[in-house]
Structure formats: structure tokens, C-alpha cells
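Visitor: Before I ask anything, here is the structure I am working with.
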């Protein structure tokens, strides 16, 4: 029976937010190494418990832990199957993964904001999940655009460049933006102008 035991289950206990830092670093480094190969990603996707732990570590108080956890999930979400799978999980303190990623991007003190942007770019490439992603992102859209054009927003050196492909992905939605904002009494013109206006300074 022990021969069939998932080896990843042995290190799950060290990937809690309150785990000892030295043990958490060792365990996470091992899992990050696995995520660098297709076989490793497939093994991670089969272990829902460990993915839940990694997602929670995106908001770890230790910067290195948070950054490595985000890089790992960038690797996992690089594939369509991985991106779909990650979207199913719910972090401990947020409604869903997208809300957690947005909170990281919108915090100027987060060292893992660039990797969070990469994850947002990866998951918004999924056509089947795009409308669901827009439902979560739309309430934060103005803030995200303002952050994107403010090149000095992040104080830890993150450039947030991957917000550009994320915004491009959102524009591919088959459901019109007007249909989504109409209940809020917004016009197409106002929405389009508010989205485009911050970019005009780059055209001067």
C-alpha cells in the first residue's frame, strides 16, 4: 500500500501558511522544481491538496515564499489544462483565485506582482472561462488600468507588463462589454473612453 502512496502527500504538511519557515522553503523548492517539467505539472494537477496549499502561499508573509509559489503556478497555468484546473480552487481568504491575484497586483508592496500578472494572462487565454474571468475582473478594471499606466506603482520593482496581454485577452470576449455594464447605467462611449484615456499620454 505504501508503494502506491503519492510522494507529494509527504510534503503537504510543510506547505501551510504557519509551517516552519525553513521546512516550508525546502518543501516549496522541491515542488517548484517539479513544475518545470510537463510530467511534474501533471503530478501536481493530480494532487488537489497540494495545489490548494500553494495557492494560499501566494499571500505568504515571507516574500521569497510568495514569489516562488506564484512562479510555480505560472508554470502550472502555462498549459490550458493547468489553467482550467487552478481556476477551480478557492483560497482560504478570497472568493476565488482571480480575486487573490488581483489583490496581489493591486498591492504596491508585493514582490510577486509580476508573476501574478503572468498568471492572469495565462488564465484569461481560456476561451471557455473568459466570461467568468471578466465577471470577476470587471469591477476592478479601472483600478487595474490605472495601475498599468502608472509605471511607478509597484514599489518592489515589478513592472506589471503582463497586464497588457491580460487586457488583450479580455477584449476577445464574445459577450459585449455593454451588456455587462448596462445595469450600472454606463454607456458604451463612457466605458470605452475611460479604458482608452489613460493610454493617451503614451501617444503624445
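The values are calculated or read from the model by the stated rules, or taken from the named source; none is laboratory data. This is a predicted model, so every value here is computed, not measured. Quick reminder, even Gly has a Cβ in these numbers, built from the backbone with ideal geometry, and neighbours come from all protein chains shown.
Visitor: Can you confirm whether residue 66 is buried (at least 19 other Cβ atoms within 10 Å of the Cβ), in a helix (DSSP H, G or I) and free of Cβ contacts under 8 Å to residues at least 24 places away in the same chain?
Guide: No: the conditions fail for residue 66.
Visitor: Now for a separate question. Do we find that residue 1 is modelled with pLDDT of 95 or more and farther than 24 Å from residue 128 by Cβ in this structure?
Guide: Against the criterion (modelled with pLDDT of 95 or more and farther than 24 Å from residue 128 by Cβ), residue 1 does not qualify.
Visitor: Looking only at the range 93-122, which residues are in a loop (DSSP other than H, G, I, E, B) and either farther than 22 Å from residue 16 by Cα or modelled with pLDDT of 95 or more (or both)?
Guide: 106, 107, 108, 109, 110, 111, 112, listed by residue number.
Visitor: Which of the residues that make up the range 20-33 are buried (at least 17 other Cβ atoms within 10 Å of the Cβ) and either more than 19 Å from the chain's Cα centre (by Cα) or under 17 Å from residue 83 (Cβ atoms) (or both)?
Guide: 24, 27
Visitor: Taking residue 146 as the residue in question, decide whether it is touching a residue at least 12 places away in the same chain (Cβ under 8 Å), more than 20 Å from residue 75 (Cβ to Cβ) and in a loop (DSSP other than H, G, I, E, B).
Guide: The answer is no for residue 146.
Visitor: Right, another one. Given (1) outside any helix (DSSP H, G or I); (2) surrounded by fewer than 17 Cβ atoms within 10 Å (Cβ to Cβ), identify the lone condition not met by residue 84.
Guide: (1)
Visitor: Further question: From 95, 110, 88, which residue is farther than 24 Å from residue 130 by Cα, under 14 Å from the mean Cα position of the chain (by Cα) and free of Cβ contacts under 8 Å to residues at least 60 places away in the same chain?
Guide: 110
Visitor: Just to check your reading of the model, which residue among 8, 45, 17 is within 19 Å of residue 86 (Cα to Cα), surrounded by 12 or more Cβ atoms within 10 Å (Cβ to Cβ) and modelled with pLDDT under 90?
Guide: 8
Visitor: What number of residues within the range 149-162 are in contact with a helix residue (DSSP H, G or I) (Cβ under 6 Å, 6 or more places away or on another chain) and either modelled with pLDDT of 95 or more or not in a helix (DSSP H, G or I) (or both)?
Guide: Summing the residues that are in contact with a helix residue (DSSP H, G or I) (Cβ under 6 Å, 6 or more places away or on another chain) and either modelled with pLDDT of 95 or more or not in a helix (DSSP H, G or I) (or both) in the range 149-162 gives 5.
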